[in-house]
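**Q** After the structure tokens below, expect a handful of questions from me.
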Amino acid sequence: MEQTTDQKAKQTGTNGAVDEGQLMARLHKGYASLKHQVHNVIVGQEEVIDSMLCSMLAGGHCIVQGVPGLAKTMMVHAIADSMKLLFNRIQFTPDLMPSDITGADIIQRDPQSKKRRYEFVKGPIFANVILADEINRTPPKTQAALLQAMQEREVTVAGRTYKLEQPFFVLATQNPIEQEGTYPLPEAALDRFMFMIYIDYPTAKEEHLIVKQTTTSKKISVQQVLSRNDMVLFQEIVRMAPVSDVVIGYCIRLARATRPVDPLATTMVKKYLKWGAGPRAGQYMTLGAKARALINGRVTPSFDDVKAVCKLVLRHRVIPNFNAEADGVGVEGILDDLIENVPPPK
């Protein structure tokens, strides 16, 4: 029988007391096992896998941008299989309706009373891991069906609210090539995603290994190494991990420096950005830095951890202006300049 999170937490300490050092060591070991299983089916993509798992440990969601065929679906499926989580893939299309995601009430005949009654049939959103494939292919009305689930971890249909089982992780993908007939996510929807991850082509050596492994009759499987309760516990550990006020201050400074009217704004920000990031950016940078420190075996995050997650958190929260487009300046260059020129607080 699978143990509950509380039972597992109590076993890590003496007489029911939770030993924080043991919990953090357990997270570090569990993360290593999880990543090893993912690499059984995924070649390379170290930073992408680290970013996905870091976001999941922090209780956030990811949006991934990359061309088709780079194993995005396989990657998130492997993460779900290694913890035996319920995985659902939703292919977003122009004719997809909100009820196709959340579920709907249908009329059923009661076998005993023979009377008709409404019965709620759950949609694919009721899973632990959701792959929202090509989310920008569907209209905003359908995109909005994800927002309540991502933020409150619940779904409201016909005036009734249904809780989603934890953990709950959404990985949305966007195709950066073909933009005709797409519906770009509004800023409010993008802000619900903790990280935006860019996935690039594999190296020549990695591509050779991919082709070699996937063109034989040998099947490579992923083994379960963690449980659902383990991930819920790990998310709690990330939340309770200590972080200094100075590191939090650095996260806030980086977020505020993206706002052109703020005194901390850099020269490039003032010239090339129309809007900067809101307070949620500082929250996600702090959580991301904590998760990154823990998976690397450190108790508390440093400035380097903040710098490592800074672009992941900010790149979809800042809006370039016309000057940036005219001068050929991209978001990545603006954020690189930001990290270089905004010093940590003393």
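The values are calculated or read from the model by the stated rules, or taken from the named source; none is laboratory data. Not measured: the values here are computed from a predicted model. Virtual Cβ from ideal backbone geometry, glycine too; neighbours counted across all protein chains shown.
**Q** Filtering segment 103-125 down to residues that are within 11 Å of Val157 (Cβ to Cβ) and part of a strand (DSSP E or B), which residue is farthest from the chain's Cα centre (by Cα)?
**A** Step one: filter segment 103-125 for residues within 11 Å of Val157 (Cβ to Cβ), giving 103-105, 118, 120-123, 125.
Next, only the ones that are part of a strand (DSSP E or B) stay: 103-105, 118, 120-122.
On the way: Gly103: 23, Ala104: 26, Asp105: 30, Tyr118: 35, Phe120: 28, Val121: 27, Lys122: 23 Å.
Selected residue: Tyr118.
**Q** Can you name the residue in segment 42-76 that is outside any loop (DSSP other than H, G, I, E, B), touching a Leu at 6+ places or on another chain (Cβ under 9 Å) and among the polar types (S, T, N, Q) and, of all such residues, is nearest to Asp133 (Cα to Cα)?
**A** Thr73
**Q** Something else now. Please determine, by comparing only the residues of segment 210-248 that are surrounded by 14 or more Cβ atoms within 10 Å (Cβ to Cβ) and farther than 19 Å from Ser33 by Cβ, which one is modelled with the lowest pLDDT.
**A** Checking each candidate, the answer is Ile210.
**Q** Which residue out of Gly297, Gly276, Gly288 is outside the structural domain of Tyr198 (by TED's automatic domain parsing), in contact (Cβ under 8 Å) with a residue 12 or more places away in the chain and at positive phi? Spell out the reasoning first.
**A** Numbers: Gly276 fails: at positive phi; Gly288 fails: at positive phi.
Exactly one residue qualifies, and that residue is Gly297.
**Q** Only one of (1) touching a residue at least 24 places away in the same chain (Cβ under 8 Å); (2) on the phi < 0 side of the Ramachandran plot; (3) of a type outside the set (S, T, N, Q); (4) not assigned by TED's automatic domain parsing to the domain that holds Val306 is not met by Lys218, so which one is it?
**A** That leaves (1) as the condition not met.
**Q** Whether any residue in segment 208-219 is in a loop (DSSP other than H, G, I, E, B) and either in contact with a Ser or Thr (Cβ under 6 Å, 6 or more places away or on another chain) or not polar (S, T, N, Q) (or both) is what I want to check. Spell out the reasoning first.
**A** Looking only at segment 208-219, we keep the residues that are in a loop (DSSP other than H, G, I, E, B), and these are 215-219.
Subset that is either in contact with a Ser or Thr (Cβ under 6 Å, 6 or more places away or on another chain) or not polar (S, T, N, Q) (or both): 218-219.
Yes, there is a match, as at least one residue in segment 208-219 is in a loop (DSSP other than H, G, I, E, B) and either in contact with a Ser or Thr (Cβ under 6 Å, 6 or more places away or on another chain) or not polar (S, T, N, Q) (or both).
**Q** Only one of Thr142, Thr93 is hydroxyl-bearing (Ser, Thr, Tyr), within 30 Å of Gly66 (Cβ to Cβ) and part of a loop (DSSP other than H, G, I, E, B). Can you tell me which? Walk me through how you get there before you give the answer.
**A** Working: Thr142 fails: part of a loop (DSSP other than H, G, I, E, B).
Answer to the check: Thr93.
**Q** Turning to a different aspect of this structure: In segment 211-254, what residues are within 19 Å of the chain's Cα centre (by Cα) and among the hydrophobic types (A, V, I, L, M, F, W, C)?
**A** Leu226, Met231, Val232, Leu233, Phe234, Ile237, Val238, Cys251
**Q** Now a separate question. Could you say whether any residue in segment 99-112 is closer than 25 Å to Lys290 by Cβ, in the same structural domain as Val67 (by TED's automatic domain parsing) and touching a residue at least 24 places away in the same chain (Cβ under 8 Å)?
**A** Step one: list which residues in segment 99-112 are closer than 25 Å to Lys290 by Cβ, which gives none.
No, there is no match, as no residue in segment 99-112 is closer than 25 Å to Lys290 by Cβ, in the same structural domain as Val67 (by TED's automatic domain parsing) and touching a residue at least 24 places away in the same chain (Cβ under 8 Å).
**Q** Restricting segment 77-88 to residues that are assigned to a loop (DSSP other than H, G, I, E, B) and touching a strand residue (DSSP E or B) at 6+ places or on another chain (Cβ under 8 Å), which is farthest from Ser51 (Cα to Cα)?
**A** First pass over segment 77-88, keeping only residues assigned to a loop (DSSP other than H, G, I, E, B): 82-86.
Narrowing the set further to residues that are touching a strand residue (DSSP E or B) at 6+ places or on another chain (Cβ under 8 Å) leaves 85-86.
On the way: Leu85: 19, Leu86: 21 Å.
The residue in question is Leu86.
**Q** Tell me which residues, restricted to segment 262-285, are basic (Lys, Arg) and out of contact with any helix residue (DSSP H, G or I) (no Cβ under 8 Å at 6 or more places or on another chain). Can you show your working first?
**A** Step one: of segment 262-285, the residues basic (Lys, Arg) are 270-271, 274, 280.
Matches in segment 262-285: Lys270, Lys274, Arg280.
**Q** Name the residues in segment 306-322 that are over 17 Å from the mean Cα position of the chain (by Cα) and farther than 20 Å from Ile248 by Cβ, would you? Reasoning before the result, please.
**A** Taking segment 306-322 as the starting set, the residues that turn out to be over 17 Å from the mean Cα position of the chain (by Cα) are 307, 318-322.
Hits for segment 306-322 are Val318, Ile319, Pro320, Asn321, Phe322.
**Q** Then there is this: Checking Glu325 against (1) more than 23 Å from the chain's Cα centre (by Cα); (2) in a helix (DSSP H, G or I); (3) among the charged types (D, E, K, R); (4) under 26 Å from Lys346 (Cβ atoms), only one condition comes out false. Which one?
**A** (4)
**Q** Go through (1) buried (at least 18 other Cβ atoms within 10 Å of the Cβ); (2) assigned by TED's automatic domain parsing to the domain that holds Met52; (3) touching a Gly at 6+ places or on another chain (Cβ under 6 Å) one by one and return the number of the condition Cys251 breaks.
**A** Every listed condition holds for Cys251 apart from (2).
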